[in-house]
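Remarks on the structure that follows.
Please treat every number below as a calculation from the coordinates, not as lab data. Note that the structure is a prediction, hence the values are computed from the model and not measured. Backbone-built Cβ (ideal geometry, glycine too); neighbour counts: all protein chains shown.
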Amino acid sequence: MANKNFTSNLNFQNKIIVATNGCFDILHIGHIRYLRQAKSLGDILIVGVNSDNSVKALKGSKRPINKAEDRAEVLQALSFVDFTYIFEEKTADEFLQITKPNIYVKGGDYSLEELPEKKMLISLNIKTIFLPFHDGYSTTSILAKV
């Protein structure tokens, strides 16, 4: 499999870069719909993947279910994901500084005011788009059923 991990040395030659991030612990249809729609907003989709330590900090000691490298590889198998980038921090600030996307995408369960990355997004002049949230689809709800 070709390495699709992001490196800041790439030259995208006037391409519209879209970035998003998340845990993506157990991939489900909500993730697929969200990522497909994110890709439709530009030319290159870079997905930031929370490291195992940052998932634990965000979701609790029983998470993640799958290790970061596996989660990134599963995402890379999707035709609409161009690159993945595993980051250690609890917020996506450093990921945004490195990737410098034109557009940052989050789910509709967020607002700009709630985003911990708000200051970074403003300082880098990154357009933020909130996509519709697909109710009933979450890793937490899947785990609760199991």
Any chance segment 74-93 includes a residue that's among the small types (Gly, Ala, Ser) and surrounded by fewer than 17 Cβ atoms within 10 Å (Cβ to Cβ)?
yes
Evaluate segment 61-73: report whether one residue or more is surrounded by fewer than 19 Cβ atoms within 10 Å (Cβ to Cβ), of a type outside the set (Gly, Ala, Ser), under 14 Å from the mean Cα position of the chain (by Cα) and closer than 20 Å to Pro132 by Cα.
no
Counting only residues that are in contact (Cβ under 8 Å) with a residue 60 or more places away in the chain and assigned to a helix (DSSP H, G or I), segment 71-93 contains a total of 3
Residues of segment 13-70 being within 18 Å of Glu89 (Cα to Cα), of a type in the set (A, V, I, L, M) and assigned to a helix (DSSP H, G or I), which ones?
Val55, Ala57, Leu58, Ala68
Count - residues of segment 38-59 that are closer than 16 Å to Gln76 by Cα, in contact (Cβ under 8 Å) with a residue 60 or more places away in the chain and not small (Gly, Ala, Ser):
0
Output the residues belonging to segment 92-110 that are closer than 15 Å to Leu58 by Cβ and among the acidic types (Asp, Glu).
Asp93, Asp109
